[in-house]
Amino acid sequence: MASKFIVAGPASQSVAVQVANLLEIPVVETEFKKFPDGENYIRLNVEDESIFNGSDMIIIQSADFPQNDHLMELFYLISIAKRVEAASIRVVVPYLAYSRQDKVFRPGEAISAKLILQMIVQAGANEFVTIDIHAPEVLSNLGIPATSLDSTPLLANYLKSRDLVNPVVISPDKGSRDRSAQFASLIGAELVLFDKSRDRITGEIDMEGEAELNGRDVAIVDDIIATGGTMATALGIAKNAGARNLYALCSHALLIGNALFKLSKLECEVIGTNAVNSPVSVVSVAPIIAKHFKE
C-alpha cells in the first residue's frame, strides 16, 4: 500500500494537523517566506524527498487573505508533489478565493473562479476538495474528481448545544434558501424567508421581511460573511422585532473591514469554521475532511 502524507499549507496548518491526527497519517510541515522583492518561497520541511515517491499526498491549503499569496503557495506545493513523483495529489482548499466570481455579471469581466480551478488542475492535482463553495456548478467539467463538502451539520451541532428558545432561522435572500432550510431542520427551528436585492455597481443592499420574533432566538447561516452587510441588515430587522439572542453562522468568516463591529453592535454572536482563520473560527472542519478521505 502506498504511503500517505498530509501537507500542511501555510494557511491551514491547524486544520492539516487535525486531519492528520484523525486519519493517523504523518503531517508534513512547510517552510515559507517572502523575498524582499515580494516573491513567494515555500518548501516541504524534509531532508529526503524520496519518501514521497509513489505516495498519496493530500495538500491542505486555504485561499483566504492574502488570497493571491496563498494561491501561489498552493500552486508551488502541487508542483513539488508532482516533481517528487507522488502517485496521487489530492488538493483540499477549505476556502476557495474568487469563488463568487463564477459568472459574467457585467460585460468585460473575467470568470475568475473557473480560471483558478483550471490552474489547480493544470498544476497537477488529481482530485479537488473544498468546503461550501459559493457556486457548486463551477466544479463541473474539471476533468478530475471535485467535491464541495457541507459544513452545515457541524455549525448546526455547535448551535444546538445552546439553550435555544423557540428558534427561528432567517433566510435573507434566494441564494441562501436551501442552506437555511437544511439548518432549520437540523436545529428544529422555524424557517422565515426575507427578500434581498443588491445594486451590482454600488453594492447597496435593500431587504424586506416580517416575522413574529419577540423573545425568540434567531440564527442566520451563510457560506461567507464578507463585509457583513447582508447579515447585519437581516439581524437588525430581527432585533427590532424583539428577538432574544442573535446568531450569525458561516463557513467562511472573512470579516472584511468593520464586519465584526457591525454584527457585534447588534449583540450578535458570530460563529465560523476554521476553513479560514479568524477570531470567530470555533468550529473545526477537520472531521468532514477526514471522513471524505476515509470513504
Kindly provide the set of residues from the range 16-57 that are within 22 Å of Ile289 (Cβ to Cβ) and either part of a strand (DSSP E or B) or assigned by TED's automatic domain parsing to the domain that holds Asp223 (or both), ordered by number.
-> Val27, Val28, Thr30, Phe32, Ile42, Leu44, Asp56, Met57
Give the residue, chosen from Ile42, Ile59, Ile80, that is more than 17 Å from Leu142 (Cβ to Cβ) and in contact with a helix residue (DSSP H, G or I) (Cβ under 7 Å, 6 or more places away or on another chain).
-> Ile42
Of the conditions (1) within 30 Å of Ile6 (Cα to Cα); (2) among the hydrophobic types (A, V, I, L, M, F, W, C); (3) buried (at least 19 other Cβ atoms within 10 Å of the Cβ); (4) assigned by TED's automatic domain parsing to the domain that holds Leu164, Ile289 clears all except one; give me its number.
-> (4)
If you check Val19 against the conditions, is it more than 16 Å from Leu74 (Cα to Cα), in contact with a helix residue (DSSP H, G or I) (Cβ under 8 Å, 6 or more places away or on another chain) and among the β-branched types (Val, Ile, Thr)?
-> yes
Only one of (1) without any contact (Cβ under 8 Å) to a residue 12 or more places away in the chain; (2) assigned to a loop (DSSP other than H, G, I, E, B) is not met by Ser264, so which one is it?
-> (2)
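Table: residues versus (1) of a type outside the set (Asp, Glu); (2) at pLDDT 95 or above; (3) more than 30 Å from Val84 (Cβ to Cβ); (4) buried (at least 19 other Cβ atoms within 10 Å of the Cβ).
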| site | (1), (2), (3), (4) |
| --- | --- |
| Ile120 | yes, yes, no, yes |
| Gly124 | yes, yes, no, no |
| Val129 | yes, yes, no, yes |
| Asn141 | yes, no, no, no |
| Ala146 | yes, yes, no, yes |
| Asp150 | no, yes, yes, no |
| Leu155 | yes, yes, yes, yes |
| Leu159 | yes, yes, yes, yes |
Search the range 67-85 for residues that are under 10 Å from Ile42 (Cβ atoms) and pair each with any residue that is aromatic (Phe, Trp, Tyr) when their beta-carbon atoms are under 8 Å apart and the residues are at least 6 apart or on different chains.
-> Glu73/Phe32
When restricted to Ala219, Ala234, the only residue in a strand (DSSP E or B) and not acidic (Asp, Glu) is Ala219
Which of (1) of a type in the set (S, T, N, Q); (2) part of a helix (DSSP H, G or I); (3) in contact with a Gly (Cβ under 9 Å, 6 or more places away or on another chain) is the odd one out, the single condition Gln122 does not satisfy?
-> (3)
(1) touching a Phe, Trp or Tyr at 6+ places or on another chain (Cβ under 6 Å); (2) assigned to a loop (DSSP other than H, G, I, E, B); (3) under 21 Å from Leu186 (Cα atoms): which one isn't true of Val276, the others all being true?
-> (3)
Name the residues in the range 116-169 that are at positive phi and in contact (Cβ under 8 Å) with a residue 24 or more places away in the chain, would you?
-> Gly124, Asp132, Asn166
Which number in (1) more than 17 Å from the chain's Cα centre (by Cα); (2) small (Gly, Ala, Ser); (3) surrounded by fewer than 22 Cβ atoms within 10 Å (Cβ to Cβ) marks the one condition that Ala135 misses?
-> (1)
Counting only residues in the range 58-75 that are charged (D, E, K, R) and in a helix (DSSP H, G or I), the one farthest from Gly38 (Cα to Cα) is identified as Glu73
Residues of the range 1-37 satisfying the condition of being farther than 20 Å from Thr273 by Cβ and of a type in the set (Gly, Ala, Ser) = Ala2, Ser3
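The values are calculated or read from the model by the stated rules, or taken from the named source; none is laboratory data. For clarity, every value in this text was computed on a predicted model and none was experimentally measured. Neighbour counts run over all protein chains shown; Cβ positions are idealised from the backbone, glycine included.
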